[in-house]
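Notes for the one structure printed next.
The values are calculated or read from the model by the stated rules, or taken from the named source; none is laboratory data. The structure presented is a predicted model; accordingly, all values stated were derived computationally and were not measured. Because the Cβ atoms are built from the backbone with ideal geometry, glycine has one as well, and the counts that use them run over all protein chains shown. Surface areas here come from the heavy atoms of the whole protein model, side chains and all, with no ligands, DNA or RNA. Shrake-Rupley method; radii C 1.70, N 1.55, O 1.52, S 1.80 Å.
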Amino acid sequence: QGGLVQAVLAGSARRSPASLGIMGLLRSEEMKYGLLLLPVQNARLYVDAIGKEANLQFEDMNSKEMRRPYRKYIQRIDEMERIIRFIMEEINRTGGLEIEKNHVSEFLENDEAYKLDPVEAELKDLYQQVVSFKDNNTTLTTERNQAMEEFQVLRRAGELLGQGSASSASSSPDTFEAAANVPLMDDRRAVGCVAGVVLQADEQRLRTQLWRASRGNVFIDFFPIDEMITDPKTGQVVKKSVFVVYFQGSGSSNFYAKVVKVCNASGVNLYKWPSEAAEAKSRLMALETMLREKSRALDAYQDFMKSEMSQLVLPFQGKHYEATGPRQIRNSKIEDWRLFCIKEKSIYTILNQCQGDVLLRINVWYPANEEAGISNLLTSIAAGAGGDKPVLMTDQAAKFSPPTYIRTNEYTEGWQEVINTYGIPKYQEANPALFTVVTFPFIFGMMYGDIGHGTLLLLTGCWLVWKGDSLRFTQPTLFMARYMVLSLGIFATYAGFMYNDFFSVGLQLFESRYEKNPDGSFVVDDALYLNPTYNIENLADSTLPGPYPFGLDPAWHGAGNELLFVNSMKMKLSVLFGVLQMLVGVCLKWSNAFYTKNTIDFVFECVPMMVFMLCFFGWMDVMILYKWVNPISADSSLNGPPSIINSLICMAMGQEDKFPLWHGSVEMAQTLMLATVISVPLMLFPKPFLLLAQHNAEKRKHGDHDQLLDVEVAGSHGGHGHGEEFEFGEVFIHQIIETIEFVLGTVSHTASYLRIWALSLAHQQLSLVFFSKTLSMGLEMPYPSNIIVLYLMFAAWFGVTLGVLLGMDVLECFLHTLRLHWVEFQSKFYKADGQKFEPYRIRKLVEPTGNE
């Protein structure tokens, strides 16, 4: 019906406001192409207002000449953004400070408090101060690190030299023990050493290089430093070790020079090794004093930097901000500067796309029903700014197809994004998102139907909706998908009630329609069949009650033929709803043909497609529904209920069906099959020849010049439309491909909808296996062991339910539902070759995307 309404509305050249409202649902907004003239002195002010309050898409007028008159402003803002990034890194490195973000509305309400020149000057002064402070900090940190490293080397030297001196003093100088205990670094020994500090990660590399350079004539010892040392360049904490290289020879030998050369090449820090313990002790005392002084200086620097940076994380205090009230939470000053730079850069980018010097001009696209609002906005801005007034010249001739603008709200935005991921709708083409809002969660529910799992998914959606404001900027994807998750949970729960599945357990919501024993068990006859208590033949004059009021009778759970019955039911439901959705797709193709007034497409594509669908697959659905509601076995003149597959084979092969649905159904099936066969050549042959005749008529009308026709633009005149010179062979081959794709695709697409049944079966069986192997086993155990086992089994069951059925299975059902919409449904009518309307919106530019 929506398509017919659109076709009627399309007949009028000018649409009423009511029709424009309908256009936003099924078709995109009507767009206009205009020329915007802006006085140069206030051009920035007008672009700023348009970016906040209007929907205009600007066209780059300088794309060919690459003329960018405002590039210097862009360069200045780029430098400002670099400074802001640098300062933000310093704030994060300082620690203890948090930048307040994500208050976009407050910024846009008060952004007039910032001007480019003052902000730029303040940023440059602040940058010079921070760089100077950082250089001083780097110098202080380097000096402190050197003192710390030398202190560690001397402390290790004092330990070694002190041990050697004590051992030597305890023995007689003439004994062997005294001679053996003389320190290796003592002047009485010909053993030299080189000491320093190296990164622990480079220890093995230094050891290897010294070993190779000395050919194994050195001994290296490493002593890890317990204190953490900060790298002055990166600010990262690094681990270092003291190393001592022992070698034969004195400090003036060539071997000593070679060791020092290798150490310098490795980038280690070398320090003088003391000759005796007393020298090490005196030097240690001096270094301790130096370390305390350097540490106090560094602490003072950190406190100073923190106090300076804390001013940047506070909200900006200005006259525009004061008017909003003290209780309003606002961004930090540095964050407002960052957003201001983004806004200003986008404004000058738009101005760079304009032509002219005194009067800037630029082509724009805008929604037709917003034309008056745009004009009023420009007029109000001009009244306050003074000077020349801007002008919007409408009804300009466009060289390209208009962009597609579909209005969305918070609920429909996610579903529209699903459609746009496949392709943007063509301008005023039927929008699948209008139907996807309902059909997508419904088909998902058919696959995922379970009361328990659906309720958990529904609760997840409710939580996402409840926490929506906190997710808006931190998790934009979850924020956009929150209503999608809510819808999926609602329909999954509904389908769960239809299937009567609660974590694979049947619920007796109503009284069963099968006879029960006093103990609650079902009565079974000699043939192991249950005794129904309802009217199984749907007779109108029966005194028996009707079937189970809602969903599946719980008597089927645990029955021997449960899987056979449920599979048959779900398989037929999948085909029924699959054919119904494809018929909706063909109806939307009708709607497109009506809207564009394309008679050729309507008569020789839409009508044969509908005949093909209804006469074969529609007849299959009629057979399914007729068998469900009519007791064929009650008619003794028939041969019993037919097999639908066998009946369709007989229908397609022209064979006699021995099991008719009713008297005359076989003849009706043969007639429908004849119409199905006739519809195929009607789709294949007439359209190319009619387009050829139309092309020849155009040539005779305009001479022998080649005519370039576009199928959608010239479609209202019956144009063939490939955007190229007309080639009958190409058109005919294209029509052959389209016909084969529809005929064979319809058959394969109908079978593809059986994935609904397959995924529903997999979900139900997985749920049954998980329940029977965990909770069911715990319930069957004797008391009191079942109490403890139930706790453990519940944890295992809940964990596997979350991981598999609420994680993997939700994703699997979502992807299969996505495929059914993208391929089986949209292929019937959706071209998806449009261009998205992308108006200049400052809010969209400054809002976080989740990647910051």
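Scanning for something of a type in the set (A, V, I, L, M, F, W, C) and within 23 Å of Phe151 (Cα to Cα), does segment 202-211 turn up at least one residue?
yes
Please enumerate the residues belonging to segment 522-531 that are assigned to a loop (DSSP other than H, G, I, E, B) and either at pLDDT 80 or above or of a type outside the set (D, E, K, R) (or both).
Selection gives Val523, Ala527, Leu528, Tyr529, Asn531.
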Does Val846 count as crowded, with 17+ Cβ neighbours inside 10 Å, under 18 Å from the mean Cα position of the chain (by Cα) and either within 28 Å of Lys343 (Cα to Cα) or in contact (Cβ under 8 Å) with a residue 12 or more places away in the chain (or both)? no
Which listed residue, of Gly267, Gly249, Gly216, Gly235, is on the phi > 0 side of the Ramachandran plot and open to solvent by 50 Å² or more (accessible area, probe 1.4 Å): Gly267
Look at Leu580 and say whether it is in contact with a strand residue (DSSP E or B) (Cβ under 9 Å, 6 or more places away or on another chain) and open to solvent by 20 Å² or more (accessible area, probe 1.4 Å). no
Filtering segment 828-852 down to residues that are in a helix (DSSP H, G or I) and touching an Asp or Glu at 6+ places or on another chain (Cβ under 8 Å) yields Ile842
Which number in (1) under 50 Å from the mean Cα position of the chain (by Cα); (2) in a helix (DSSP H, G or I); (3) at pLDDT below 90 marks the one condition that Pro642 misses? (2)
Could you tell me whether any residue of segment 542-562 is open to solvent by less than 40 Å² (accessible area, probe 1.4 Å), at pLDDT 80 or above and at positive phi? yes
Might you let me know whether segment 330-346 holds any residue that is closer than 29 Å to Arg68 by Cβ, among the β-branched types (Val, Ile, Thr) and either open to solvent by 10 Å² or more (accessible area, probe 1.4 Å) or in a strand (DSSP E or B) (or both)? yes
From Leu766, Leu805, which residue is open to solvent by 50 Å² or more (accessible area, probe 1.4 Å) and assigned to a helix (DSSP H, G or I)? Leu766
Just a yes or no: is a residue in segment 813-820 modelled with pLDDT of 95 or more, in contact with a Leu (Cβ under 7 Å, 6 or more places away or on another chain) and of a type outside the set (Ser, Thr, Tyr)? yes
Residues of segment 753-763 being surrounded by fewer than 19 Cβ atoms within 10 Å (Cβ to Cβ) and assigned to a helix (DSSP H, G or I), which ones? Ala758, Leu761, Ala762
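Regarding Leu486, is this residue closer than 23 Å to Thr817 by Cβ, surrounded by 18 or more Cβ atoms within 10 Å (Cβ to Cβ) and in contact with a Cys (Cβ under 9 Å, 6 or more places away or on another chain)?
yes
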So, in segment 104-115, exactly how many residues are open to solvent by 20 Å² or more (accessible area, probe 1.4 Å) and either of a type in the set (A, V, I, L, M) or more than 35 Å from the chain's Cα centre (by Cα) (or both)? 3
Looking at segment 386-400, I want the residues that are open to solvent by 50 Å² or more (accessible area, probe 1.4 Å) and have a partner that is of a type in the set (Lys, Arg) with Cβ atoms under 8 Å, at least 6 apart or on another chain. Which pairs are those? Asp395/Lys32
Suppose we filter segment 496-521 for residues that are assigned to a helix (DSSP H, G or I), without any contact (Cβ under 8 Å) to a residue 60 or more places away in the chain and open to solvent by less than 30 Å² (accessible area, probe 1.4 Å); how many remain? 1
Of the residues that make up segment 459-482, is at least one in a loop (DSSP other than H, G, I, E, B) and in contact with a Leu (Cβ under 6 Å, 6 or more places away or on another chain)? no
Just checking, how many residues over segment 610-633 are under 41 Å from the mean Cα position of the chain (by Cα), buried (at least 19 other Cβ atoms within 10 Å of the Cβ) and more than 14 Å from Lys572 (Cα to Cα)? 5
Top-ranked residue of segment 409-457 - restricted to ones that are surrounded by fewer than 19 Cβ atoms within 10 Å (Cβ to Cβ) and free of Cβ contacts under 8 Å to residues at least 24 places away in the same chain, ranked as farthest from Phe814 (Cα to Cα): Asn409
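Which of the residues belonging to segment 354-371 are under 30 Å from Arg27 (Cα atoms) and either polar (S, T, N, Q) or open to solvent by 70 Å² or more (accessible area, probe 1.4 Å) (or both)?
First, the residues of segment 354-371 that are under 30 Å from Arg27 (Cα atoms): 362-371.
Asn363, Asn369, listed by residue number.
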Looking for something at pLDDT 85 or above, in a loop (DSSP other than H, G, I, E, B) and closer than 25 Å to Ala49 by Cβ - is there at least one such residue anywhere in segment 302-321? no
Assuming Tyr534 fulfils every condition listed in (1) more than 30 Å from Gln694 (Cα to Cα); (2) of a type outside the set (Val, Ile, Thr); (3) in contact with a Lys or Arg (Cβ under 6 Å, 6 or more places away or on another chain); (4) at pLDDT 85 or above apart from one, which condition is it? (4)
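Results for (1) at pLDDT below 75; (2) in a helix (DSSP H, G or I), shown as yes or no for each residue.
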{"site": "Ile649", "(1), (2)": "no, yes"}
{"site": "Pro660", "(1), (2)": "no, no"}
{"site": "Gln670", "(1), (2)": "no, yes"}
{"site": "Gln694", "(1), (2)": "no, yes"}
{"site": "Gly723", "(1), (2)": "yes, no"}
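Going by what's in this entry, would Val260 be described as more than 28 Å from Leu298 (Cβ to Cβ) and at pLDDT 85 or above?
yes
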Look at segment 56-92 and say how many of its residues are in contact with a helix residue (DSSP H, G or I) (Cβ under 6 Å, 6 or more places away or on another chain), not in a helix (DSSP H, G or I) and not hydrophobic (A, V, I, L, M, F, W, C). 2
When residues of segment 769-796 are limited to those that are assigned to a helix (DSSP H, G or I) and among the β-branched types (Val, Ile, Thr), the one nearest to Met569 (Cα to Cα): Val769
Some residue of segment 40-58 being surrounded by fewer than 19 Cβ atoms within 10 Å (Cβ to Cβ), modelled with pLDDT of 90 or more and of a type in the set (Asp, Glu): yes
